[in-house]
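For reference, the structure discussed in these notes is given below.
Please treat every number below as a calculation from the coordinates, not as lab data. The structure presented is a predicted model; accordingly, all values stated were derived computationally and were not measured. Virtual Cβ from ideal backbone geometry, glycine too; neighbours counted across all protein chains shown.
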Amino acid sequence: MNWVTNNLETILSALGWHVALSVPAIVAALLCAIPLGWLAHRLPRYSGPIITGSGLLFAIPSLPLLILLPVITGAGMRDGINVVIALTLYGIALLVRSVADGFNSISSETRLAATALGYSGGRRFLTVELPLAAPIILTGLRVVTASTIALCTVGAVLGIPSLGTLFTDGFQRQILAEIITGIVLTLGLAGLFDGLLVVLGKMLMPWQKQVA
Amino acid sequence: MISFESVTKTYPGPRRSAADVVAVHDTSFNVDTGTITVLAGSSGCGKTTLLRMVNRMVAPTSGRVQINGDDIAHMNPVQLRRKIGYVMQHAGLLPHKTVAENIAVVPRLNGATRAEAKRSVDRMLEMVELSADMADRYPAELSGGQAQRVGVARALADEPRILLMDEPFGAVDPLVRTGLQQQLIDIQHELGTTMLFVTHDMSEALRLGHEIILLAKQGRIMQQDSPTRLVEQPANAFVENFLGLNAAEKALRTRTTADGRTMVVDAHGRPAGFLEQA
Ligand SMILES: Nc1ncnc2c1ncn2[C@@H]1O[C@H](COP(=O)(O)OP(=O)(O)O)[C@@H](O)[C@H]1O
Ligand SMILES: [Mg+2]
């Protein structure tokens, strides 16, 4: 406990970095996965390649990716952008299938009704299809959030700050309290974000009786 | 007036090698403005296909559909649909919108303000006799009959001149169905909407239609007439059959009950009602 009170600033900075790296990655993964998943839904012939292809991104080992990315992006090895990009790729890998499943779950009757009512393409996508696909997308997004917050720690190995830094630093300096703090905060953050998503889901999807 | 002029619709066969499916073949008829015209016929005879040609959800392979002399093929389909009400079998309510939001869809798409749409919603709920506290329910919280009422209310909310209905009462229980049918007759009387109503149930057709078009496979018209004339003068055996008028099947007999009343029974001896003195 002593270590915690004496190093609050370090801890808060690590926490801040962790949030600053993982939130943009989660949002970016969602924004990329929606069009990809929608394409997989609209083009059944290509849905296999799109879903499997994006899913394979998850098989890329994280450390080599983090070393390779700076070469591609031109950003410095310790630039947080590399972690954000890597986490976004992993997020896309996990989310495309959920998005496709979400759009596929909309009944043909509902689609017909929307057409008959006179929805135009764009409006129908935004106000009918996307909301109806949202519960399944949210389920995927919760997995992505947990996974992103866990994976975000990897950057610490290369010196990119996050809660993982408490972990690596604690190992190097043999401070057990620091290691435990890093683990507890990572788990806590994942739990907090998950809770927020559940609450957000209940607010945005009141027609859903259980978004458990 | 809605006029179908030699419309044909073929769908590609289920497999590449299979022959094309002819859903409707060279069908022509008119629907008079301000009346209920019923398209009746067995499942698969092309009723839905014909109905959906009116709001361009189905494009005829050949032939054309005109509304008041204008070929709808030249109209913007989205705009056209916003001017034509459509009710489907299971109501087709949007599951993520409340009753009020569902009813408000077309007025809002047509540019009504929230306040204007709210007025339409209140008026429509009253017209289909749903209490105002239904407004905030979601479709999943409605009975089949209530959902259909909302479906009708939604279709009529922006006062379309044309209403298309595809077996709208097919999935509700008989008692509720009779109520919904009567309500529809009243609404049509009040608004003067031109209605094209699809059913496979002949008693429903006879009850609702000013004009009935009885279809055989591929939308072939077997008879187009008023309900009375259809029953009095069936054009052929197909019509007689569909009306269930053939032979002994339809014969009714009377029987005196224990309390001295005269009961009418059908060919199988099942009670059909009591005979009353005129
Ligand atoms: N989208 C479609 N693709 C292929 N065949 C279809 C399609 N829609 C309808 N059909 C076929 O066209 C015929 C008429 O269908 P439909 O108009 O739905 O009949 P009804 O409404 O009278 O039951 C049926 O044989 C049906 O199988
Ligand atoms: Mg049909």
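This ranking places A:TYR46, A:TYR90, A:TYR119 by how few other beta-carbon atoms lie within 10 Å of each, fewest first, which gives A:TYR46, A:TYR90, A:TYR119.
The gain in end-to-end length when the A:MET203 to A:PHE171 segment is fully stretched comes to 7.3 nm, 0.36 nm per residue minus the alpha carbon separation.
A Förster radius of 41 Å combined with the Cβ-Cβ distance from B:SER3 to A:LEU56 puts the calculated FRET efficiency at roughly 0.15. Applying a length cut-off of 24 Å (Cα extent along the axis) and a mean Kyte-Doolittle floor of 1.6 to the DSSP H helices of chain A leaves A:130-151, A:176-204.
Amide H contacts of B:ILE212 (H built 1.01 Å from N, in plane; Pro and chain starts excluded): B:VAL38, B:ASP225, B:SER226 sit under 5 Å, all sequence-distant by 5 or more or on other chains.
A crude spin-label estimate for the pair B:ASP26 and B:ASP266, with each label 7 Å from Cα along the Cβ direction, gives 3.8 nm.
Across region B:157-278, Cα-Cα pairs farther apart than 20 Å form 58% of the total.
Counting neighbouring beta carbons within 10 Å and listing from fewest to most, the residues A:THR168, B:THR10 come out as B:THR10, A:THR168. Going from the fewest other Cβ atoms within 10 Å to the most, the residues B:ARG154, B:ARG123, B:ARG261, B:ARG207 appear in the order B:ARG261, B:ARG123, B:ARG207, B:ARG154. Shape call for region B:1-103 from the C-alpha gyration tensor, a ≥ b ≥ c root eigenvalues: rounded (a/c under 1.5), prolate (a/b greater than b/c) or oblate? It comes out oblate by the Cα gyration axes. The antiparallel fraction among DSSP beta bridges confined to region B:2-251 stands at about 50%. Rounded to 0.05, the FRET efficiency of the B:SER42 and B:THR254 pair, given R0 = 30 Å and the Cβ-Cβ distance, is 0.40.
Can you tell me how region B:69-200 classifies by the Cα gyration tensor, rounded, prolate or oblate, using a/c under 1.5 as the rounded cut? It is oblate, given that a/c is not under 1.5 and a/b is not larger than b/c. By the Cα gyration tensor, the protein assembly as shown has an equivalent ellipsoid whose semi-axes, rounded to whole angstrom, run 62, 26, 20 from largest to smallest.
In the protein assembly as shown, the DSSP-assigned H stretches of four residues or longer account for a calculated mean residue ellipticity at 222 nm of -16500 deg cm²/dmol, using -39500 (n - 2.57) per stretch and the full residue count as denominator. Stokes-Einstein diffusion for region B:2-251, with the hydrodynamic radius set to the Kirkwood value over Cα pairs and evaluated at 10 °C in a medium of 1.306 mPa s, equals 84 µm²/s. In this calculation the C-beta distance from A:LEU12 to A:LEU112 is compared with R0 = 56 Å, giving a FRET efficiency of 0.55.
Normalised Debye scattering of region A:52-188 at q = 0.09, 0.11, 0.12, 0.15 Å⁻¹ gives log10 I(q)/I(0) of -0.41, -0.56, -0.63, -0.82, counting only Cα atoms as equal scatterers and leaving out solvent. Greater than 31 Å separation of Cα atoms is the criterion. Which listed pairs, B:LYS47/B:LYS118; A:LYS202/B:LYS118; A:LYS209/B:LYS9, meet it? Too far apart for the 31 Å limit: B:LYS47/B:LYS118; A:LYS209/B:LYS9.
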